[in-house]
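A.B. asks: Okay, handing you the structure first.
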Amino acid sequence: MKFDFPPVTGALIVSCVVIFLLQHYGGYNDSLIAHFALWPFGHEQARMASGRIITVGFEPWQLITFAFLHGGWLHIGFNMWALFLFGPPIERLFGASKYLLYYTVCTVLAALAQLLVVKFFTGGFYPTIGASGGIFGLLLAFGMLYPNVRLMLLFPPIPVPAWLFVIGYGALELVLGVTGTEAGVAHFAHLGGMFGGLLLIQYWRGRLPLKPQQRLLR
């Protein structure tokens, strides 16, 4: 039987896993975090995991590269499982090139949201890593385009329609972000990824003032 897994989702998963292994078992964690994690605007000295103190700060490529770095097995495991579940149906619907564009837009909007929140609200000088921004964009797309598909909650273990799951998850992220719950989790980056996905889907549907050349989504 032929295994037909969408190529972009597969490449994203493989890339994240390979980079994770280089981070944590290849001895490159300090260099990867210093140059490719998402750092706040400006440059400062920071202590790396190894104890080295080096100058780090924001660089434009970090708007994308931060999404390929992860902090531990639970972090990458959860993100790659979600990418495995929600990436394929969206990639098959969009096609590879538009799917990659969509994922990239969600990732960049997640990064920008995180940068603005850190600059104007929370302060601090610390790196942000993880694919969650792009994945929350995929979750948003799934809820909008397959609203009646049933998703199983973990706690409690009951099925709910995708549209309700997405709204509930988004509301939870907003509450956690505003209240500062779960310190160390970039809740507003997650919301930024969802917002980027919403904008692009509505643009492709022709529902924004700027119209596409042709409508691409129902």
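A.B. asks: Specify the angular offset, from 0 to 90 degrees and rounded to the nearest 10, of the alpha carbon long axis of helix 73-94 from the longest principal axis of the alpha carbons in the chain.
C.D. replies: 40
A.B. asks: Could you tell me the relative contact order of the chain? Use alpha-carbon pairs under 8 Å, at least six residues apart, and round to a whole percent. Mind showing how you got there, number by number?
C.D. replies: Numbers: 323 pairs, mean separation 44.4, N = 218.
Computed value for the chain: 20 percent relative contact order.
A.B. asks: Another question, if that's okay. For the stretch 77-218, with all protein chains present and a 1.4 Å probe, just round the carbon and sulfur fraction of the accessible area to a whole percent. Could you put the intermediate results ahead of the total?
C.D. replies: Details: 5240 of 7420 Å².
Ligands and nucleic acids excluded, carbon and sulfur reach 71 percent.
A.B. asks: Roughly how many Å is it from the Cα centre of the stretch 59-112 to that of the stretch 122-156, as a whole number?
C.D. replies: So the two Cα centres are separated by 10 Å.
A.B. asks: So, one more: With a 1.4 Å probe and every protein chain left in place, work out the accessible area per residue of the stretch 1-133 in Å², rounded to a whole number. Show your work: numbers first, answer last.
C.D. replies: Details: 7010 Å² over 133 residues.
Accessible area per residue, the stretch 1-133: 53 Å².
A.B. asks: Another question, then. Starting at the first residue of the stretch 180-188, write each ³J(HN,Hα) from the Karplus equation 6.51 cos²θ - 1.76 cosθ + 1.60 with θ = phi - 60°, in whole Hz, x for Gly and Pro.
C.D. replies: For the stretch 180-188, the Karplus curve yields x, 6, 6, 4, x, 9, 7, 4, 6 Hz.
A.B. asks: Rounded to the nearest 10 degrees, what's the angle between the helix 162-179 long axis and the longest principal axis of the chain, both from Cα atoms, 0 to 90?
C.D. replies: The angle comes out at about 30 degrees.
A.B. asks: Find the percent of Cα-Cα distances in the chain that exceed 27 Å, and round it to a whole number.
C.D. replies: 34
A.B. asks: Report the gain in length on full extension from residue 47 to residue 126: 0.36 nm times residue separation, minus Cα-Cα distance, nm rounded to one decimal. If you can, show how the numbers build up before the last one.
C.D. replies: Values: separation 79, 0.36 × 79 = 28.44 nm, distance 0.99 nm.
Value of the extension gain: 27.4 nm.
A.B. asks: Hey, if you put +1 on the Cβ of every Lys and Arg and -1 on every Asp and Glu Cβ in the stretch 150-218, which of 183, 203, 164 ends up farthest toward the positive end of that dipole?
C.D. replies: 203
A.B. asks: Can you give the Kirkwood hydrodynamic radius of the stretch 93-140 from its Cα pairs, in Å with one decimal? Provide the component values of the computation, followed by the final result.
C.D. replies: Numbers: mean 1/r = 0.0853 Å⁻¹.
About 11.7 Å, per the Kirkwood formula over Cα pairs.
A.B. asks: Can you compute the radius of gyration and Dmax for the stretch 144-218, using only the Cα atoms, both in Å?
C.D. replies: In Å, with Rg to one decimal and Dmax whole: 15.2, 44.
A.B. asks: I would also like to ask the following. Show me the ranking of peptides 47-60, 20-33 by mean Cβ neighbours inside 10 Å, starting with the highest. Show your work: numbers first, answer last.
C.D. replies: On the way: 47-60: 11.5, 20-33: 15.9.
Descending packing order for the listed peptides: 20-33, 47-60.
A.B. asks: Would you please put 147-158, 173-184 in order of how densely packed they are, using the mean number of other Cβ atoms within 10 angstrom per residue and starting with the highest?
C.D. replies: Numbers: 147-158: 9.8, 173-184: 12.5.
Sorting 147-158, 173-184 by mean packing, highest first, produces 173-184, 147-158.
A.B. asks: Rank by packing, highest mean first: peptides 80-92, 133-145, with packing defined as the count of other Cβ atoms within 10 Å averaged across residues. Walk me through the numbers on the way to the answer.
C.D. replies: Details: 80-92: 18.5, 133-145: 25.8.
Packing order, densest peptide first, comes out as 133-145, 80-92.
The values are calculated or read from the model by the stated rules, or taken from the named source; none is laboratory data. Predicted, not measured: the structure shown is a model, and the values here were computed from it. We place every Cβ from the backbone using ideal geometry, glycine too, and count neighbours over all the protein chains shown. Just so you know, the surface numbers come from the protein's heavy atoms only, side chains and all, with ligands and any DNA or RNA stripped out. Shrake-Rupley method; radii C 1.70, N 1.55, O 1.52, S 1.80 Å.
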